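First up is the structure itself, then whatever we jot down about it.
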Amino acid sequence: MNSPMTILMVVPEPFFTARGTPLSVRGRLHALSALGHYVDVVTYHVGSDIDFPNVRIFRTPKVPFIRTVPIGPSFTKVLLDVFLCGLTVGRLLRKKYDVIHTHEEAGLLGALLAPLAKAQHLYDMHSSLPQQFTNFQAYNYRPIVKLFEAMEHFVIRRADAVITICPELSARVSSIDKDRPCFLIENTI
């Protein structure tokens, strides 16, 4: 076996809660732990702790009026992502990581911070962010969708590799950058 890696996993989700992306994250952590890697998870204050060997969870400061995080885009997530960004930078200032493993919108953090931290960036793409804004009618404004489309292209092109959860997302990655290493890991629960 290769030597264990140190991984900073950035999870902009209420982790752990039994839904979509947090379930995938739990699966990734289980596998990384079983392989002997060391993972520091930075995530929102909302969620339950889980216990895997070599995995530590760091949470954003508690925001008293936020007890739940809705699925999809929201102003709640924007506020929590500001704290998550600070927590991520703080971890990178304290420790050297081999890999920054990001999920969802945290991909932008990985794309920006991995080169500065001299780390590899693995982007875990659970959905297409511009498509999320299109699907959630409350946020379906052309400038917002275009901004997130540009961000998605930037993140995919800057990632060392991308994990997708379905063939449609793999096709999207290929349409943006056909040479980007992309690995399909379908969720089974």
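The values are calculated or read from the model by the stated rules, or taken from the named source; none is laboratory data. These numbers were taken from a predicted model, which means no experiment stands behind them. Cβ coordinates were reconstructed from backbone atoms using ideal geometry, including for glycine residues, and neighbour counts include every protein chain displayed.
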*Answer with yes or no whether S170 is out of contact with any helix residue (DSSP H, G or I) (no Cβ under 6 Å at 6 or more places or on another chain), in contact (Cβ under 8 Å) with a residue 24 or more places away in the chain and within 19 Å of T21 (Cα to Cα).*
no
The lone condition G36 fails out of (1) modelled with pLDDT of 95 or more; (2) surrounded by 13 or more Cβ atoms within 10 Å (Cβ to Cβ); (3) touching a strand residue (DSSP E or B) at 6+ places or on another chain (Cβ under 8 Å) is (3)
Open item on the list: Regarding the range 100-109, can at least one residue be identified that is free of Cβ contacts under 8 Å to residues at least 12 places away in the same chain, outside any helix (DSSP H, G or I) and either surrounded by fewer than 16 Cβ atoms within 10 Å (Cβ to Cβ) or not polar (S, T, N, Q) (or both)?
Closed with: no
Of those in the range 118-130 that are modelled with pLDDT under 95 and among the small types (G, A, S), the residue farthest from R19 (Cα to Cα) is S128
Picking from R28, R56, the residue that is surrounded by 14 or more Cβ atoms within 10 Å (Cβ to Cβ) and modelled with pLDDT of 95 or more would be R28
Among the residues of the range 62-90, the number that are in a loop (DSSP other than H, G, I, E, B), among the β-branched types (V, I, T) and over 27 Å from Q131 (Cα atoms) is 1
Among (1) closer than 25 Å to A117 by Cα; (2) modelled with pLDDT under 95; (3) under 16 Å from the mean Cα position of the chain (by Cα), N2 falls short only on (3)
Any residue at all in the range 131-142 that is modelled with pLDDT of 95 or more and assigned to a helix (DSSP H, G or I)? no
**Asked** Do we have L93 as buried (at least 16 other Cβ atoms within 10 Å of the Cβ), part of a helix (DSSP H, G or I) and modelled with pLDDT of 95 or more here?
**Response** no
Picking from R26, R59, the residue that is farther than 25 Å from E186 by Cβ and touching a Phe, Trp or Tyr at 6+ places or on another chain (Cβ under 9 Å) would be R59
